[in-house]
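Since the structure comes first, as C-alpha coordinates, the remarks are kept for the end.
The values are calculated or read from the model by the stated rules, or taken from the named source; none is laboratory data. These figures come from a predicted structure and were not determined experimentally. Here Cβ is always computed from backbone atoms with ideal geometry, including for glycine, and neighbour counts include all displayed protein chains.
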Amino acid sequence: MWLTTRRLFTAILFIALFVMATREIADPDFWWHLRAGQFIVETRAIPHADIFSHTNAGRPWVMHEWLSEVFLYALFALGSFPALMLAFAAIITLAFAFVYARCAGKPYIAAFVLLLAALATAPTWGVRPQMISLLLTSVFLYVLERRRDALWILPLLMLLWVNLHSGYALGIVIIGVYLVGEGASLASPRAQASSVKFRVSRFSFDIPRAASLVPLVLLLVACIAVVPLNPNGATMYVYPFETLTSRAMQTYIQEWFSPDFHLVEFQPLAWLLLATLAAMAFAGARLSLTQTLLLIGFGYAALRSARHIPIFALVAAPILAEQIAHIVRERATNEANDRVTRARAIVNWLLLVLVVAGGSVRVAMVVSNQRAVERAKFPADAVDFLRARPSGGTLYNAYGWGGYLIWRLYPETRVFIDGRADVYGDAFIEEVFLRAYRGEPEWRVPLDRYGVRVVLIEPDAPLALQLARDAAWREVYADSQAIIFEKK
(Lines give C-alpha, C1' and ligand atoms only; values in the text may rest on other atoms or scores of the structure.)
Protein backbone atom coordinates (compact mmCIF):
# COMPACT_ATOMS: atom_id res chain seq x y z
CA MET A 1 0.00 0.00 0.00
CA TRP A 2 1.25 3.45 -0.93
CA LEU A 3 1.79 5.54 2.18
CA THR A 4 0.78 9.02 1.10
CA THR A 5 1.79 12.14 2.99
CA ARG A 6 -1.79 12.59 4.21
CA ARG A 7 -1.92 9.04 5.55
CA LEU A 8 1.50 9.46 7.17
CA PHE A 9 0.35 12.68 8.81
CA THR A 10 -2.80 11.01 10.18
CA ALA A 11 -0.84 8.02 11.47
CA ILE A 12 1.67 10.28 13.24
CA LEU A 13 -1.22 12.23 14.76
CA PHE A 14 -2.73 9.18 16.44
CA ILE A 15 0.63 7.74 17.45
CA ALA A 16 1.33 11.06 19.16
CA LEU A 17 -2.05 10.96 20.90
CA PHE A 18 -1.41 7.43 22.15
CA VAL A 19 2.01 8.40 23.47
CA MET A 20 0.53 11.48 25.16
CA ALA A 21 -2.22 9.38 26.73
CA THR A 22 0.21 6.79 28.13
CA ARG A 23 0.99 8.01 31.61
CA GLU A 24 1.84 6.77 35.04
CA ILE A 25 -0.97 5.92 37.45
CA ALA A 26 -1.31 8.74 39.96
CA ASP A 27 -5.06 8.94 40.56
CA PRO A 28 -5.72 8.45 44.32
CA ASP A 29 -8.99 6.63 43.60
CA PHE A 30 -7.39 4.11 41.24
CA TRP A 31 -6.28 1.93 44.13
CA TRP A 32 -9.66 1.36 45.73
CA HIS A 33 -11.14 0.78 42.26
CA LEU A 34 -8.55 -1.97 41.78
CA ARG A 35 -9.26 -3.53 45.16
CA ALA A 36 -13.02 -3.36 44.52
CA GLY A 37 -12.55 -5.17 41.21
CA GLN A 38 -10.49 -7.83 42.95
CA PHE A 39 -13.19 -8.26 45.61
CA ILE A 40 -15.91 -8.73 42.96
CA VAL A 41 -13.84 -11.20 40.93
CA GLU A 42 -12.79 -13.28 43.94
CA THR A 43 -16.14 -13.31 45.79
CA ARG A 44 -18.39 -13.13 42.70
CA ALA A 45 -20.51 -10.64 44.61
CA ILE A 46 -21.12 -6.91 44.21
CA PRO A 47 -21.19 -5.16 47.59
CA HIS A 48 -24.04 -2.75 48.30
CA ALA A 49 -22.60 -1.51 51.58
CA ASP A 50 -19.19 -0.16 52.54
CA ILE A 51 -16.57 -2.84 53.17
CA PHE A 52 -13.38 -0.74 53.17
CA SER A 53 -13.71 1.65 56.14
CA HIS A 54 -14.20 1.15 59.85
CA THR A 55 -16.03 4.46 60.21
CA ASN A 56 -18.85 3.80 57.76
CA ALA A 57 -18.88 0.01 57.55
CA GLY A 58 -22.26 -1.19 56.36
CA ARG A 59 -23.35 2.20 55.05
CA PRO A 60 -25.06 1.99 51.63
CA TRP A 61 -22.60 2.08 48.73
CA VAL A 62 -23.87 2.60 45.19
CA MET A 63 -21.16 0.75 43.30
CA HIS A 64 -21.93 2.42 39.99
CA GLU A 65 -18.54 1.59 38.46
CA TRP A 66 -18.55 -2.13 39.27
CA LEU A 67 -17.99 -3.30 35.70
CA SER A 68 -15.17 -0.81 35.16
CA GLU A 69 -13.55 -2.09 38.34
CA VAL A 70 -13.79 -5.67 37.15
CA PHE A 71 -12.23 -4.51 33.87
CA LEU A 72 -9.41 -2.77 35.76
CA TYR A 73 -8.63 -5.81 37.87
CA ALA A 74 -8.83 -8.16 34.87
CA LEU A 75 -6.26 -6.05 33.04
CA PHE A 76 -4.08 -5.93 36.15
CA ALA A 77 -4.27 -9.71 36.53
CA LEU A 78 -3.30 -10.17 32.88
CA GLY A 79 -0.47 -7.67 32.61
CA SER A 80 -0.12 -5.65 35.81
CA PHE A 81 0.33 -1.87 35.53
CA PRO A 82 1.65 -1.82 31.93
CA ALA A 83 -1.53 -3.48 30.65
CA LEU A 84 -3.66 -0.89 32.45
CA MET A 85 -1.63 2.05 31.19
CA LEU A 86 -1.62 0.87 27.57
CA ALA A 87 -5.29 -0.11 27.55
CA PHE A 88 -6.44 3.26 28.84
CA ALA A 89 -4.14 5.10 26.46
CA ALA A 90 -5.91 3.17 23.68
CA ILE A 91 -9.33 4.11 25.11
CA ILE A 92 -8.42 7.80 25.16
CA THR A 93 -6.97 7.64 21.64
CA LEU A 94 -10.08 5.89 20.32
CA ALA A 95 -12.29 8.56 21.90
CA PHE A 96 -10.44 11.21 19.92
CA ALA A 97 -10.53 9.08 16.77
CA PHE A 98 -14.33 9.46 16.84
CA VAL A 99 -13.88 13.21 17.30
CA TYR A 100 -11.54 13.28 14.30
CA ALA A 101 -14.15 11.45 12.24
CA ARG A 102 -16.58 14.32 12.96
CA CYS A 103 -14.11 17.06 12.02
CA ALA A 104 -13.99 18.94 8.72
CA GLY A 105 -10.71 19.85 7.02
CA LYS A 106 -8.98 16.47 7.25
CA PRO A 107 -6.17 15.92 7.82
CA TYR A 108 -4.47 19.23 8.62
CA ILE A 109 -7.16 21.47 10.11
CA ALA A 110 -8.73 18.48 11.85
CA ALA A 111 -5.36 17.45 13.29
CA PHE A 112 -4.62 20.94 14.63
CA VAL A 113 -8.00 21.15 16.31
CA LEU A 114 -7.79 17.61 17.65
CA LEU A 115 -4.41 18.25 19.27
CA LEU A 116 -5.75 21.43 20.87
CA ALA A 117 -8.75 19.54 22.24
CA ALA A 118 -6.47 16.75 23.48
CA LEU A 119 -4.20 19.23 25.28
CA ALA A 120 -7.25 20.82 26.90
CA THR A 121 -8.41 17.47 28.29
CA ALA A 122 -4.96 16.04 29.12
CA PRO A 123 -5.05 17.07 32.83
CA THR A 124 -7.98 14.68 33.34
CA TRP A 125 -6.43 11.67 31.57
CA GLY A 126 -5.41 8.56 33.43
CA VAL A 127 -6.30 5.00 34.32
CA ARG A 128 -9.76 5.81 35.64
CA PRO A 129 -13.36 4.85 34.80
CA GLN A 130 -14.08 8.38 33.59
CA MET A 131 -12.05 7.61 30.46
CA ILE A 132 -14.57 4.93 29.52
CA SER A 133 -17.31 7.57 29.79
CA LEU A 134 -15.17 9.82 27.59
CA LEU A 135 -15.08 7.14 24.89
CA LEU A 136 -18.80 6.35 25.08
CA THR A 137 -19.73 10.04 24.99
CA SER A 138 -17.62 10.41 21.86
CA VAL A 139 -19.34 7.39 20.27
CA PHE A 140 -22.79 8.80 21.07
CA LEU A 141 -21.92 12.16 19.48
CA TYR A 142 -20.51 10.43 16.39
CA VAL A 143 -23.55 8.22 15.85
CA LEU A 144 -26.04 11.04 16.42
CA GLU A 145 -24.17 13.37 14.10
CA ARG A 146 -22.86 11.10 11.36
CA ARG A 147 -24.44 7.63 11.53
CA ARG A 148 -28.19 7.87 12.08
CA ASP A 149 -28.52 4.44 10.48
CA ALA A 150 -26.73 3.02 13.55
CA LEU A 151 -28.97 4.51 16.25
CA TRP A 152 -29.98 0.98 17.28
CA ILE A 153 -26.55 0.42 18.82
CA LEU A 154 -26.90 3.25 21.35
CA PRO A 155 -29.37 1.52 23.71
CA LEU A 156 -27.00 -1.47 23.79
CA LEU A 157 -24.11 0.82 24.63
CA MET A 158 -26.27 2.55 27.24
CA LEU A 159 -26.91 -0.81 28.91
CA LEU A 160 -23.15 -1.33 29.07
CA TRP A 161 -22.46 2.26 30.12
CA VAL A 162 -24.85 2.29 33.08
CA ASN A 163 -22.87 -0.63 34.53
CA LEU A 164 -19.52 0.97 33.80
CA HIS A 165 -19.94 4.51 35.15
CA SER A 166 -22.55 7.00 36.30
CA GLY A 167 -21.48 9.23 33.41
CA TYR A 168 -24.14 7.35 31.41
CA ALA A 169 -26.37 10.37 32.13
CA LEU A 170 -24.31 12.29 29.54
CA GLY A 171 -25.64 10.00 26.82
CA ILE A 172 -29.25 10.70 27.80
CA VAL A 173 -28.60 14.44 28.03
CA ILE A 174 -26.98 14.48 24.58
CA ILE A 175 -29.90 12.60 23.01
CA GLY A 176 -32.27 15.04 24.69
CA VAL A 177 -30.36 18.01 23.29
CA TYR A 178 -30.51 16.57 19.77
CA LEU A 179 -34.23 15.98 20.18
CA VAL A 180 -34.87 19.55 21.37
CA GLY A 181 -32.59 21.09 18.76
CA GLU A 182 -34.01 19.20 15.82
CA GLY A 183 -37.56 19.56 17.12
CA ALA A 184 -37.20 23.33 17.31
CA SER A 185 -35.86 23.44 13.75
CA LEU A 186 -39.17 21.96 12.56
CA ALA A 187 -41.21 24.86 13.92
CA SER A 188 -41.48 26.62 10.57
CA PRO A 189 -44.37 25.63 8.27
CA ARG A 190 -41.89 25.08 5.46
CA ALA A 191 -39.98 22.48 7.47
CA GLN A 192 -43.19 20.76 8.49
CA ALA A 193 -44.33 20.46 4.89
CA SER A 194 -41.05 19.05 3.56
CA SER A 195 -39.76 15.51 3.71
CA VAL A 196 -36.47 13.92 4.62
CA LYS A 197 -34.77 10.76 3.41
CA PHE A 198 -34.59 8.22 6.23
CA ARG A 199 -32.12 5.37 5.93
CA VAL A 200 -32.05 2.05 7.76
CA SER A 201 -29.22 -0.27 6.77
CA ARG A 202 -29.40 -0.58 2.94
CA PHE A 203 -32.94 0.73 2.65
CA SER A 204 -34.00 4.38 2.40
CA PHE A 205 -37.35 6.09 2.06
CA ASP A 206 -38.92 9.54 2.33
CA ILE A 207 -40.94 10.47 5.41
CA PRO A 208 -42.47 13.80 6.54
CA ARG A 209 -39.74 15.88 8.16
CA ALA A 210 -41.65 16.13 11.43
CA ALA A 211 -41.78 12.34 11.62
CA SER A 212 -37.98 12.22 11.49
CA LEU A 213 -38.02 12.91 15.22
CA VAL A 214 -39.63 9.54 15.93
CA PRO A 215 -36.31 7.59 15.91
CA LEU A 216 -34.83 10.07 18.40
CA VAL A 217 -37.87 9.81 20.66
CA LEU A 218 -37.73 6.02 20.57
CA LEU A 219 -33.98 6.14 21.17
CA LEU A 220 -34.41 8.37 24.22
CA VAL A 221 -37.13 6.13 25.64
CA ALA A 222 -35.05 2.99 25.05
CA CYS A 223 -31.94 4.47 26.68
CA ILE A 224 -33.90 5.63 29.72
CA ALA A 225 -35.63 2.25 29.95
CA VAL A 226 -32.37 0.26 30.23
CA VAL A 227 -30.97 2.35 33.10
CA PRO A 228 -32.38 0.11 35.89
CA LEU A 229 -30.68 -2.94 34.36
CA ASN A 230 -27.78 -2.81 36.77
CA PRO A 231 -27.04 -4.14 40.27
CA ASN A 232 -28.26 -0.91 41.85
CA GLY A 233 -31.57 -0.88 39.99
CA ALA A 234 -33.58 2.36 39.71
CA THR A 235 -31.19 4.07 42.14
CA MET A 236 -29.05 4.86 39.12
CA TYR A 237 -31.71 7.27 37.86
CA VAL A 238 -30.86 9.71 40.65
CA TYR A 239 -27.29 8.81 41.59
CA PRO A 240 -25.55 11.06 38.99
CA PHE A 241 -27.52 14.08 40.20
CA GLU A 242 -26.74 13.35 43.86
CA THR A 243 -23.06 13.40 42.94
CA LEU A 244 -23.38 16.71 41.10
CA THR A 245 -25.08 18.33 44.10
CA SER A 246 -22.72 17.03 46.81
CA ARG A 247 -21.45 20.07 48.72
CA ALA A 248 -18.36 18.29 50.04
CA MET A 249 -17.31 17.04 46.62
CA GLN A 250 -17.71 20.48 45.08
CA THR A 251 -15.85 22.13 47.95
CA TYR A 252 -12.96 19.79 48.74
CA ILE A 253 -12.23 17.60 45.69
CA GLN A 254 -9.90 19.38 43.28
CA GLU A 255 -11.21 18.01 39.99
CA TRP A 256 -14.64 19.46 40.83
CA PHE A 257 -13.17 22.97 41.15
CA SER A 258 -13.46 25.52 38.36
CA PRO A 259 -10.36 25.52 36.12
CA ASP A 260 -7.70 27.95 37.29
CA PHE A 261 -6.48 29.70 34.17
CA HIS A 262 -3.39 30.91 36.00
CA LEU A 263 -2.13 27.32 35.76
CA VAL A 264 -0.38 26.21 32.57
CA GLU A 265 -2.36 22.98 32.40
CA PHE A 266 -5.61 24.89 31.82
CA GLN A 267 -4.26 27.25 29.15
CA PRO A 268 -5.22 24.90 26.25
CA LEU A 269 -8.85 25.05 27.44
CA ALA A 270 -8.71 28.85 27.24
CA TRP A 271 -7.24 28.61 23.74
CA LEU A 272 -9.88 26.11 22.64
CA LEU A 273 -12.69 28.25 24.01
CA LEU A 274 -11.37 31.53 22.55
CA ALA A 275 -10.45 29.94 19.21
CA THR A 276 -13.96 28.50 18.87
CA LEU A 277 -15.59 31.88 19.61
CA ALA A 278 -13.20 33.73 17.28
CA ALA A 279 -13.68 31.25 14.44
CA MET A 280 -17.45 31.48 14.78
CA ALA A 281 -17.23 35.29 14.58
CA PHE A 282 -14.96 35.34 11.52
CA ALA A 283 -16.37 32.39 9.59
CA GLY A 284 -19.97 33.50 9.63
CA ALA A 285 -21.10 29.90 9.25
CA ARG A 286 -24.21 29.45 11.37
CA LEU A 287 -24.37 26.72 13.94
CA SER A 288 -27.40 24.51 14.22
CA LEU A 289 -29.49 24.92 17.35
CA THR A 290 -28.27 21.52 18.50
CA GLN A 291 -24.63 22.58 18.18
CA THR A 292 -25.37 25.83 19.98
CA LEU A 293 -27.08 24.08 22.88
CA LEU A 294 -24.26 21.55 23.23
CA LEU A 295 -21.58 24.23 23.06
CA ILE A 296 -23.24 26.50 25.63
CA GLY A 297 -24.28 23.73 27.99
CA PHE A 298 -20.99 21.86 28.12
CA GLY A 299 -19.00 25.11 27.92
CA TYR A 300 -20.70 26.24 31.12
CA ALA A 301 -20.10 22.83 32.70
CA ALA A 302 -16.37 22.99 31.83
CA LEU A 303 -16.01 26.47 33.32
CA ARG A 304 -17.79 25.33 36.47
CA SER A 305 -15.80 22.13 36.98
CA ALA A 306 -12.52 20.89 35.49
CA ARG A 307 -13.98 17.38 35.50
CA HIS A 308 -16.27 18.39 32.62
CA ILE A 309 -13.58 19.83 30.35
CA PRO A 310 -13.23 16.65 28.24
CA ILE A 311 -16.94 16.66 27.29
CA PHE A 312 -16.72 20.28 26.18
CA ALA A 313 -13.68 19.41 24.06
CA LEU A 314 -15.58 16.58 22.35
CA VAL A 315 -18.31 19.05 21.40
CA ALA A 316 -16.17 22.07 20.56
CA ALA A 317 -13.47 20.44 18.41
CA PRO A 318 -15.67 19.55 15.39
CA ILE A 319 -17.35 22.96 15.56
CA LEU A 320 -13.98 24.72 15.55
CA ALA A 321 -12.73 22.56 12.67
CA GLU A 322 -15.86 23.30 10.65
CA GLN A 323 -15.53 27.04 11.21
CA ILE A 324 -11.82 27.13 10.30
CA ALA A 325 -12.45 25.03 7.19
CA HIS A 326 -15.17 27.46 6.19
CA ILE A 327 -12.76 30.38 6.59
CA VAL A 328 -9.95 28.93 4.48
CA ARG A 329 -12.31 27.16 2.05
CA GLU A 330 -10.46 23.90 2.59
CA ARG A 331 -12.25 20.60 2.19
CA ALA A 332 -11.11 17.00 2.12
CA THR A 333 -9.38 16.43 -1.20
CA ASN A 334 -9.38 13.37 -3.42
CA GLU A 335 -6.65 10.85 -2.70
CA ALA A 336 -5.45 11.37 -6.25
CA ASN A 337 -4.16 14.79 -5.19
CA ASP A 338 -1.70 13.08 -2.87
CA ARG A 339 0.04 10.81 -5.33
CA VAL A 340 3.48 9.61 -4.39
CA THR A 341 6.33 8.00 -6.18
CA ARG A 342 7.79 4.71 -5.00
CA ALA A 343 10.79 6.54 -3.54
CA ARG A 344 8.59 8.97 -1.64
CA ALA A 345 6.45 6.13 -0.32
CA ILE A 346 9.60 4.40 0.97
CA VAL A 347 10.66 7.61 2.72
CA ASN A 348 7.20 7.94 4.28
CA TRP A 349 7.36 4.38 5.58
CA LEU A 350 10.80 5.02 7.05
CA LEU A 351 9.50 8.15 8.77
CA LEU A 352 6.57 6.18 10.17
CA VAL A 353 8.91 3.46 11.49
CA LEU A 354 11.05 6.13 13.18
CA VAL A 355 8.00 7.73 14.77
CA VAL A 356 6.73 4.35 16.00
CA ALA A 357 10.17 3.52 17.40
CA GLY A 358 10.45 6.87 19.16
CA GLY A 359 6.94 6.55 20.53
CA SER A 360 7.65 3.04 21.76
CA VAL A 361 10.74 4.23 23.64
CA ARG A 362 8.72 7.00 25.26
CA VAL A 363 5.91 4.63 26.25
CA ALA A 364 8.42 2.15 27.68
CA MET A 365 9.99 4.92 29.77
CA VAL A 366 6.61 5.93 31.17
CA VAL A 367 5.66 2.34 31.97
CA SER A 368 8.97 1.66 33.70
CA ASN A 369 8.55 4.81 35.81
CA GLN A 370 5.33 3.62 37.50
CA ARG A 371 7.03 2.36 40.63
CA ALA A 372 8.85 5.67 41.13
CA VAL A 373 5.62 7.65 40.67
CA GLU A 374 3.80 5.41 43.15
CA ARG A 375 6.42 6.04 45.80
CA ALA A 376 6.49 9.77 45.05
CA LYS A 377 2.71 10.26 45.18
CA PHE A 378 1.72 7.83 47.92
CA PRO A 379 3.17 6.85 51.33
CA ALA A 380 4.67 3.58 50.14
CA ASP A 381 7.49 3.52 52.72
CA ALA A 382 5.13 4.38 55.56
CA VAL A 383 2.79 1.58 54.51
CA ASP A 384 5.74 -0.81 54.37
CA PHE A 385 6.47 0.21 57.97
CA LEU A 386 2.87 -0.52 59.04
CA ARG A 387 2.81 -3.86 57.25
CA ALA A 388 6.01 -4.94 59.03
CA ARG A 389 4.53 -4.24 62.48
CA PRO A 390 1.85 -6.12 64.37
CA SER A 391 -1.57 -4.55 64.00
CA GLY A 392 -1.38 -1.20 65.71
CA GLY A 393 -5.11 -0.68 66.00
CA THR A 394 -7.73 1.50 64.37
CA LEU A 395 -6.40 3.89 61.73
CA TYR A 396 -6.94 7.57 60.91
CA ASN A 397 -5.53 8.57 57.53
CA ALA A 398 -5.23 11.46 55.08
CA TYR A 399 -8.12 11.65 52.59
CA GLY A 400 -6.02 11.35 49.43
CA TRP A 401 -4.21 8.26 50.71
CA GLY A 402 -7.28 6.21 51.60
CA GLY A 403 -7.50 4.44 48.26
CA TYR A 404 -3.83 3.47 48.34
CA LEU A 405 -4.19 2.16 51.89
CA ILE A 406 -7.17 0.05 50.82
CA TRP A 407 -5.04 -1.56 48.12
CA ARG A 408 -2.06 -2.18 50.40
CA LEU A 409 -3.67 -2.93 53.78
CA TYR A 410 -7.21 -4.27 53.28
CA PRO A 411 -8.65 -6.49 54.73
CA GLU A 412 -6.29 -6.56 57.73
CA THR A 413 -6.66 -2.80 58.22
CA ARG A 414 -9.60 -0.64 57.23
CA VAL A 415 -9.36 3.06 56.50
CA PHE A 416 -10.88 6.04 58.25
CA ILE A 417 -11.77 7.67 54.92
CA ASP A 418 -10.98 7.42 51.19
CA GLY A 419 -12.05 9.03 47.92
CA ARG A 420 -15.59 7.65 47.93
CA ALA A 421 -17.11 10.94 49.10
CA ASP A 422 -20.59 9.71 48.19
CA VAL A 423 -20.29 6.90 50.76
CA TYR A 424 -19.09 9.11 53.61
CA GLY A 425 -21.40 12.03 52.96
CA ASP A 426 -20.98 15.76 53.48
CA ALA A 427 -21.62 15.67 57.24
CA PHE A 428 -18.96 13.04 57.97
CA ILE A 429 -16.34 14.75 55.81
CA GLU A 430 -16.89 18.18 57.28
CA GLU A 431 -17.86 17.45 60.90
CA VAL A 432 -15.75 14.36 61.59
CA PHE A 433 -12.78 13.94 59.26
CA LEU A 434 -11.94 17.62 58.75
CA ARG A 435 -12.51 18.52 62.41
CA ALA A 436 -9.60 16.26 63.30
CA TYR A 437 -7.48 16.92 60.22
CA ARG A 438 -7.60 20.70 60.66
CA GLY A 439 -6.59 20.37 64.29
CA GLU A 440 -9.66 22.26 65.46
CA PRO A 441 -10.25 22.81 69.20
CA GLU A 442 -12.18 19.54 69.48
CA TRP A 443 -9.84 17.53 67.25
CA ARG A 444 -9.69 14.66 69.75
CA VAL A 445 -13.44 13.99 69.59
CA PRO A 446 -13.48 12.20 66.19
CA LEU A 447 -10.39 10.14 67.11
CA ASP A 448 -11.86 9.08 70.44
CA ARG A 449 -15.26 8.39 68.92
CA TYR A 450 -13.83 5.83 66.50
CA GLY A 451 -11.15 4.48 68.83
CA VAL A 452 -8.28 5.62 66.63
CA ARG A 453 -4.86 4.44 67.80
CA VAL A 454 -2.74 5.01 64.67
CA VAL A 455 -2.62 8.21 62.58
CA LEU A 456 -1.01 8.34 59.13
CA ILE A 457 -0.98 11.85 57.64
CA GLU A 458 1.30 14.37 55.96
CA PRO A 459 4.00 15.93 58.18
CA ASP A 460 2.63 19.44 57.54
CA ALA A 461 -1.01 18.58 58.31
CA PRO A 462 -2.43 20.68 61.18
CA LEU A 463 -3.35 17.48 63.02
CA ALA A 464 0.33 16.43 63.01
CA LEU A 465 1.23 19.55 64.99
CA GLN A 466 -1.47 18.81 67.56
CA LEU A 467 -0.41 15.17 67.95
CA ALA A 468 3.25 16.16 68.37
CA ARG A 469 2.24 18.36 71.33
CA ASP A 470 -0.04 15.78 72.94
CA ALA A 471 1.56 13.58 75.59
CA ALA A 472 -0.92 10.77 74.82
CA TRP A 473 0.60 10.28 71.34
CA ARG A 474 4.07 9.43 70.14
CA GLU A 475 5.73 9.61 66.73
CA VAL A 476 6.80 6.16 65.51
CA TYR A 477 7.69 6.89 61.89
CA ALA A 478 8.46 9.94 59.76
CA ASP A 479 9.86 10.78 56.35
CA SER A 480 9.50 13.76 54.02
CA GLN A 481 6.15 12.47 52.79
CA ALA A 482 4.34 10.92 55.76
CA ILE A 483 4.33 10.75 59.51
CA ILE A 484 2.82 8.08 61.77
CA PHE A 485 1.65 8.65 65.31
CA GLU A 486 0.60 5.93 67.72
CA LYS A 487 -1.44 6.30 70.88
CA LYS A 488 0.49 5.34 73.98
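Inspect region 310-325 for any residue being among the charged types (D, E, K, R), assigned to a helix (DSSP H, G or I), outside the structural domain of I51 (by TED's automatic domain parsing) and at pLDDT below 95 and give the result as yes or no.
No.
I want to confirm something. Restricting to region 255-269 and keeping residues that are touching a residue at least 24 places away in the same chain (Cβ under 8 Å) and of a type outside the set (D, E), which single residue is nearest to A316 (Cα to Cα)?
Looking at the filtered set, the residue picked out is L269.
Got at least one residue in region 452-465 being assigned to a helix (DSSP H, G or I), surrounded by 15 or more Cβ atoms within 10 Å (Cβ to Cβ) and of a type in the set (D, E, K, R)?
Among the residues of region 452-465, not one is assigned to a helix (DSSP H, G or I), surrounded by 15 or more Cβ atoms within 10 Å (Cβ to Cβ) and of a type in the set (D, E, K, R), which makes the answer no.
Is there a residue being aliphatic (A, V, I, L, M), closer than 30 Å to A278 by Cα and either at pLDDT 95 or above or in contact with a strand residue (DSSP E or B) (Cβ under 8 Å, 6 or more places away or on another chain) (or both) anywhere in region 77-89?
Looking through region 77-89, none of the residues is aliphatic (A, V, I, L, M), closer than 30 Å to A278 by Cα and either at pLDDT 95 or above or in contact with a strand residue (DSSP E or B) (Cβ under 8 Å, 6 or more places away or on another chain) (or both).
What do you reckon, is L134 in contact with a helix residue (DSSP H, G or I) (Cβ under 8 Å, 6 or more places away or on another chain), at pLDDT 95 or above and closer than 24 Å to I296 by Cβ?
It is true that L134 is in contact with a helix residue (DSSP H, G or I) (Cβ under 8 Å, 6 or more places away or on another chain), at pLDDT 95 or above and closer than 24 Å to I296 by Cβ.
Write out, first by first residue and then by second, each pair whose Cβ atoms fall under 7 Å of each other, whose residues are 6+ apart or on separate chains, and whose first residue, in region 393-408, is more than 17 Å from Y424 (Cα to Cα) while the second is polar (S, T, N, Q).
Between residues of region 393-408 that are more than 17 Å from Y424 (Cα to Cα) and residues that are polar (S, T, N, Q), there is no close pair.
The rows are residues; the columns are (1) within 19 Å of W256 (Cα to Cα); (2) surrounded by fewer than 19 Cβ atoms within 10 Å (Cβ to Cβ).
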position	(1), (2)
Y399	yes, no
V415	no, no
G419	yes, no
D422	yes, yes
V432	no, no
V445	no, yes
R449	no, yes
